[in-house]
1. Which of the following residues is within 24 Å of the chain's Cα centre (by Cα) and either buried (at least 18 other Cβ atoms within 10 Å of the Cβ) or within 17 Å of GLN60 (Cα to Cα) (or both): ASP126, ASP131, ASP140?
2. Take ASP126 and decide whether it is out of contact with any helix residue (DSSP H, G or I) (no Cβ under 8 Å at 6 or more places or on another chain) and either without any contact (Cβ under 8 Å) to a residue 24 or more places away in the chain or within 30 Å of ASN190 (Cβ to Cβ) (or both).
3. Can you give me the number of residues within segment 51-65 that are more than 16 Å from ligand 2 (Cβ to nearest atom) and either under 18 Å from SER135 (Cα atoms) or surrounded by fewer than 19 Cβ atoms within 10 Å (Cβ to Cβ) (or both)?
4. Could you tell me whether ASP280 is outside any strand (DSSP E or B), under 28 Å from ASP79 (Cα atoms), among the acidic types (Asp, Glu) and more than 14 Å from the chain's Cα centre (by Cα)?
5. Would you please list the contacts, defined by Cβ atoms under 7 Å and residues six or more apart or on different chains, that run from a residue in segment 209-225 that is at positive phi and touching a residue at least 12 places away in the same chain (Cβ under 8 Å) to a residue that is in a loop (DSSP other than H, G, I, E, B) and surrounded by 16 or more Cβ atoms within 10 Å (Cβ to Cβ)?
6. For segment 171-208, how many residues are assigned to a loop (DSSP other than H, G, I, E, B) and without any contact (Cβ under 8 Å) to a residue 40 or more places away in the chain?
7. Within segment 135-170, how many residues turn out to be assigned to a loop (DSSP other than H, G, I, E, B) and either more than 25 Å from ASN28 (Cα to Cα) or within 14 Å of ligand 1 (Cβ to nearest atom) (or both)?
8. In segment 254-277, what residues are near ligand 1 (Cβ under 8 Å from one of its atoms) and either in a helix (DSSP H, G or I) or within 30 Å of LEU164 (Cα to Cα) (or both)?
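The values are calculated or read from the model by the stated rules, or taken from the named source; none is laboratory data. This is a predicted model, so every value here is computed, not measured. In this analysis, Cβ positions are derived from the backbone assuming ideal geometry, glycine residues included, and neighbour counts consider all displayed protein chains.
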Amino acid sequence: MKNNRIETLEFVLNGLMRRYSERVPDVNKVADAMIAEGIISDRNEIENDHIAFRTMGVPQLGVQSFEKIFLHFGYEKRDYFNFEGKKLNAYWFSPPEPRFPRIFVSELRVNDLSENSQQIIKSYTDEVTTDPVDSLDLNDGFAVDEFLHKPLWRTPTWANYEALLKESEYAAWVIYNRYYLNHYTISVHNLKDGYNTIQEFNDFVENFGVKLNDAGGKTKISPDGGLLQSSTVAEMIDAAFADGEIHTIAGSYVEFAERKVLPQFAGLSLDKIERVHRRDGFETGNADKIFESTFTSQTMKAEI
Ligand code: OOG
Ligand code: NI
């Protein structure tokens with residue numbers, strides 16, 4: 001691997017997308033349908049708005065650890081978000097070049113949970129005694145790729161997973177899924193007419209059987225009207241727990257985003273519009289509901 005940060009970043013992102021599309025059949029389902037419909041001719045034409053990761057907020061892990069990987073590749077830390085009810089912190093990171101996705105990273109405020117849940121979580125995260133990113137060679141794409149897909153702690157027991165699920169569905173998700181890519185996001189605003197709004201894209205994917213998260217309505221709209229998002233209900237995966245028990249739990253999902261042109265650029269002709277002219281960043285109210293794509297309130301409904 002050449003010591004070139006941008007090339008290493010490309011390698012790491014490709015590795016994430018490869019595992020993710022194997023785990024989430026909706027990824028290929030949507031891409032294939034877009035090709036069949038003539039919306040794109042090749043899946044590489046899909047614009048990836050952002051990807052997202054979840055972590056446990058304990059001193060040696062959390063955003064402060066995870067972010068070092070992508071800061072190294074030239075990402076810049078942007079706004080902070082607080083999710084009071086879900087007990088989460090999050091930040092988004094802007095990419096070194098506009099062709100790369102933004103990154104949204106959240107962490108559970110572990111110390112805000114009950115004693116019992118804290119004890120369960122720490123029994124796993126305590127296996128990681130020092131910040132693992134500090135001993136990772138970030139110039140080695142293979143090492144970073146391996147780190148993002150290897151267990152940080154022992155395989156959880158079903159009893160611990162279920163106990164966490166009752167208090168924090170996010171905690172249960174992370175204890176099993178760890179740094180697996182939580183979702184990637186298809187930008188719809190640059191697609192051809194008929195598919196370039198969230199409403200139209202939602203109708204398109206629902207027509208071939210993709211289930212959308214309807215928490216707070218299928219389309220989440222920022223108060224300024226500039227950021228519209230929807231997401232699929234997480235794919236269920238057969239998860240092997242400690243002692244060989246297999247249970248079906250929530251894996252990852254796919255998101256769709258429409259970013260409107262900012263008012264100050266409304267006069268620009270469409271062929272001049274680039275990423276910088278559109279609504280950037282994220283929105284707490286939208287994100288709060290998108291988190292629920294992996295929650296049983298959505299996944300159980302989709303099974304019926
Ligand atoms: C992230 C949910 C928030 C967005 O785009 O606002 C989000 C998650 O489920 O971990 O993706
Ligand atoms: Ni997202």
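1. Among ASP126, ASP131, ASP140, only ASP131 is within 24 Å of the chain's Cα centre (by Cα) and either buried (at least 18 other Cβ atoms within 10 Å of the Cβ) or within 17 Å of GLN60 (Cα to Cα) (or both).
2. yes
3. Matching residues across segment 51-65 total 7.
4. Judged against the criteria, ASP280 is a match.
5. Note: pairs meeting the criteria are GLY225/LYS260.
6. Result for segment 171-208: 3.
7. 13
8. GLU255
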